[in-house]
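The values are calculated or read from the model by the stated rules, or taken from the named source; none is laboratory data. No experiment lies behind these values; they were computed from the predicted model shown. Virtual Cβ from ideal backbone geometry, glycine too; neighbours counted across all protein chains shown. Keep in mind that these areas ignore ligands, DNA and RNA; they rest on the heavy atoms of the full protein, side chains included. Shrake-Rupley method; radii C 1.70, N 1.55, O 1.52, S 1.80 Å.
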Amino acid sequence: MLRTVDHPKPSPRTEHSLKRSHLAAPVAALVVLVLLTACAPTKAHRAESSPSPSASTVSPSTQAPSNDPATDAAFAKFYGQKPRWSGCGGNYQCTNIDVPLDYTKPDGETIKLALIRLPASNPSKRVGSLLINPGGPGASGIDYARSARTALTDKVRAAYDVIGFDPRGVGASAAVECVDSKTLDQYFSVDASPDNPAEVQTYTDITRKVDDGCEAHSAKLLPHVSTPDAARDIDVIRAVVGDPVLHYLGASYGTFLGATYAGLFPQRVGRLVLDGALDPAIGLQDLNRTQAQGFDLALRSFIDDCLARKGCPLAGPQTRAYAQVKAFLDAVDAKPLKTEDRSRPLTEQLAALGILLPLYENVNGWPLLRAALTSAFGGDGSQLLQLADFYTERQANGQYANNQNEANLAINCLDRPVDETVAQIAQDANAFTKDSPVWGAYLGWSGLSCALWPIRSNEKPAPITAPGAAPILVVGTTRDPATPYQWAVNLSQELQSGVLLTWNGDGHTAYTRGSQCIDSTVDAYLVDGVVPPKGKTCT
């Protein structure tokens, strides 16, 4: 159930809410979301049969269009838009633009994309516009741009108009809608690593309820929220803001979006930074396996740090402490912990989410996990529940702040379809557990939600080479839990013009995460066009 592609920078609102909470330690820059999806086997498993009569089949293409849409008369009304920007607080300007719902039918139905702009702070040094994306998939680029003053350095903000947008299906841009908040609560608290037939059936039922809810409420939109669709939208945005080439900074899943753009429009690649890279050549279950290993590495790094500090709730050595975390999750599986909200006990999945979130952060965020585990080992699951709610953007009123959970599911299942049987998914879970006893079962089962997905996609993972593109900077962190370092290595080698920049550090993504070496290298590339030597490593 733990689907782990996410975005790395919090908005001021989310960072402020953490600092106001009763959790024991502040956090510098927690990741807002590694979205998860509930998945379970079923006796009437869709992956074992033909799609239902209502299902659609889509085949989004990552190949360059046969005709350049920027010069194709059929797309002129989109590329030639002159939107009216209006003030929307804090020196920001907002607007909406139109794009085709279906790029094979430019004269058909349209949808609106929401854009936000922060003008360059030093117009005399302006390079152009910098489009930014925080990942997810499903995270709001509007919210990300609102945090530009902390997510980007002063040097970059001086040289660029910062452009954020909610990708199609997300937030203010034709949002995917699926189910109500009560159903999402069930979805996020159900046993995510079923141990017996009854748990399997419960898991299956809630998964199908969410999947079918997406089809019932967003059937027209669902076939058209793939990453290639969003990349084509980016080219329209590039033209609308008046740039001949695209300058772009994408984090986590945003690296896949940026690489997809480069594959579609290599001739219009300007300065692209892909930080916390995904490997477009691997399928969902391979992605999940590698992420299980990544989170295992992050947990062990946290344990080593914890054991070196006073008040650590774990007992050394590392192997014993790791087993203690596993035993705790097993115990919560058998008997959920009480919390301050008597109607919401801490289940195994919620506990796993609460542990998972701080692992995205480096040592600056780990005090949150130490405090939450200390409380949970004492019988109170309130702090882990609060972290789990922050992870899923569940608010105190019981409502979810946005649709990023549903959008994540819709986009991922088009991009990386799963066509495995129940038995194969179970085998995945068992195999993943050998590599990662804590995270393997969750991530092994997670592919089943896409196997149940009603929209059948023919997309196949494949390397993106982007021949002829200008140098593309790929940034990887050696102990990144969500986008393991090897993916950055792979992507930098797949892209014909890829250049790898390495941070020897912890946490998810590298830029503006505490390394002056990383920040200055990325800034020199974005602002001055200085490409670092291949293989440069920052410590």
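Calculate, in nm to one decimal, what ASP205 and LYS326 gain on full extension: separation in residues at 0.36 nm each, minus their alpha carbon distance. Walk me through the numbers on the way to the answer.
Values: separation 121, 0.36 × 121 = 43.56 nm, distance 2.66 nm.
Length gained between ASP205 and LYS326: 40.9 nm.
Measuring from centroid to centroid over Cα atoms, what is the spacing of segment 194-236 and segment 68-105 in Å?
So the separation of the two Cα centres works out to 27 Å.
What shape does segment 223-279 have by the C-alpha gyration tensor, where a ≥ b ≥ c are the square roots of the eigenvalues, rounded means a/c under 1.5, and otherwise prolate means a/b greater than b/c and oblate the rest?
Judged from the Cα gyration tensor, segment 223-279 comes out oblate (a/c at least 1.5, b/c at or above a/b).
With every protein chain left in place and a probe of 1.4 Å, what is the accessible surface of LYS534, to the nearest 10 Å²?
Result for LYS534: roughly 150 Å² accessible.
Using 0.36 nm per residue of separation minus the Cα-Cα distance, give me the extension gain between ASP72 and ASN122 in nm, one decimal.
Taking ASP72 through ASN122 to full extension adds about 14.5 nm, to one decimal.
About the Cα centre of the chain, what is the dipole size in debye to 20, counting +1 per Lys and Arg Cβ and -1 per Asp and Glu Cβ, all else neutral?
Using Cβ point charges on Lys, Arg, Asp and Glu, the chain gives about 1260 debye.
Average the reciprocal distances over every distinct pair of alpha-carbons in segment 78-150, invert the result, and give the Kirkwood radius in Å.
When all Cα pairs of segment 78-150 are included, the Kirkwood radius is 14.2 Å.
Determine by what factor the alpha-carbon radius of gyration of segment 211-252 differs from 2.2 N^0.38 Å, reporting the quotient.
For segment 211-252, the normalised Cα radius of gyration is 1.58.
Sort ARG168, ARG117, ARG126 from largest to smallest accessible area, using a 1.4 Å probe on the heavy atoms of the protein chains. Before the final figure, lay out each step's value.
Working: ARG168 0, ARG117 50, ARG126 105 Å².
If we order ARG168, ARG117, ARG126 from most to least accessible, we get ARG126, ARG117, ARG168.
Quick check: with the 1.4 Å probe, what order do TYR400, TYR391 take by accessible area, largest first? Each step should come with its number before you reach the end.
Values: TYR400 30, TYR391 0 Å².
Heavy-atom accessible area, descending, gives TYR400, TYR391.
Keeping all protein chains in position, work out how much accessible area VAL522 exposes to a 1.4 Å probe, and write it in Å² to the nearest 10.
My reading of the accessible area for VAL522 is about 0 Å².
What ratio of Cα Rg to 2.2 N^0.38 Å holds for segment 302-393?
Numbers: Rg = 12.4 Å, N = 92, 2.2 N^0.38 = 12.3 Å.
That works out to 1.01 for segment 302-393.
For the chain, what does -39500 (n - 2.57) per DSSP helix run (n ≥ 4), summed and divided by total residues, give at 222 nm, in deg cm²/dmol to the nearest 500? All intermediate terms of the calculation are to be shown ahead of the outcome.
Working: 20 runs with 221 residues, N = 539.
Rounded to the nearest 500, the figure is -12500 deg cm²/dmol.
Which is farthest toward the positive dipole end of segment 142-209 among GLY171, SER189, TYR203, measuring Cα position about the Cα centre, with Cβ charges +1 (Lys, Arg) and -1 (Asp, Glu)?
Projecting each Cα onto the dipole axis, the largest value belongs to GLY171.
Based on Cα coordinates alone, diagonalise the gyration tensor for segment 335-446, multiply each eigenvalue by 5, take square roots, and list the semi-axes in whole Å, largest first.
27, 19, 14
Using a 1.4 Å probe, what is the accessible area per residue for the chain, in Å²?
Heavy-atom accessible area per residue stands at 35 Å².
Based on Cα positions only, what radius of gyration and what Dmax would you give for the chain, in angstroms?
22.0, 68
I need the peptides 137-145, 173-181 ranked by packing, meaning the mean over residues of other C-beta atoms within 10 angstrom, with the highest value on top.
Details: 137-145: 28.9, 173-181: 19.6.
Top to bottom by mean Cβ count within 10 Å: 137-145, 173-181.
Within the set of other residues whose C-beta is less than 15 Å from the C-beta of PRO461, count the net charge using Lys and Arg as +1 and Asp and Glu as -1.
Details: positive: ARG289, ARG416, LYS460; negative: ASP279, ASP286, ASP415, ASP419, GLU420, GLU459, GLU494.
Residues near PRO461 contribute -4 overall.
Just to verify a number: FRET efficiency for ARG149 and ASN397, C-beta to C-beta distance, R0 = 30 Å, to 0.05?
Approximately 0.60, to the nearest 0.05.
Counting just the Cα atoms, what span does segment 423-497 cover along each of its three principal axes? Round to the nearest Å and put the largest first.
That works out to 44, 33, 14 Å along the principal axes.
Along Cα→Cβ, 7 Å out, is where each label goes; now give me the distance between the ones at LYS182 and ASP98 in nm to one decimal.
It is 4.0 nm.
For segment 158-167, just list the computed ³J(HN,Hα) in residue order, Karplus coefficients 6.51, -1.76 and 1.60, θ = phi - 60°, integers in Hz, with x standing in for Gly and Pro.
For segment 158-167, the Karplus curve yields 5, 9, 10, 6, 7, 10, x, 8, 8, x Hz.
ASP195 to ASP435: FRET efficiency via 1/(1 + (r/R0)^6), r the Cβ-Cβ distance, R0 30 Å, to the nearest 0.05?
0.95
Evaluate the charge dipole of segment 145-236 about its Cα centre and quote only its size in Debye, nearest 20, assuming +1 on the Cβ of each Lys and Arg and -1 on the Cβ of each Asp and Glu.
Its charge dipole is roughly 540 debye.
Which one, LEU414, LEU385, ALA469, is farthest towards the positive end of the dipole of segment 361-477 when Lys and Arg carry +1 and Asp and Glu -1 on their Cβ?
ALA469
Would you mind checking the radius of gyration and Dmax of segment 112-226 based on alpha-carbon positions, in Å?
Expressed in Å, the Cα Rg and Dmax of segment 112-226 come to 19.6, 66.
Report for the chain the percent antiparallel among DSSP-assigned beta bridges with both residues inside it, nearest 5.
40 percent
Ignoring any ligand, DNA or RNA, what whole percent of the accessible area of the chain comes from carbon and sulfur when the probe is 1.4 angstrom?
In the chain, the share of accessible area belonging to carbon and sulfur is 50 percent.
Could you list the residues of segment 442-461 with an amide nitrogen less than 19 Å from a label point located 7 Å from the Cα of ALA281 in the Cα-to-C-beta direction?
Correct set: 459-461.
Keeping all protein chains in position, work out how much accessible area THR71 exposes to a 1.4 Å probe, and write it in Å² to the nearest 10.
110 Å²
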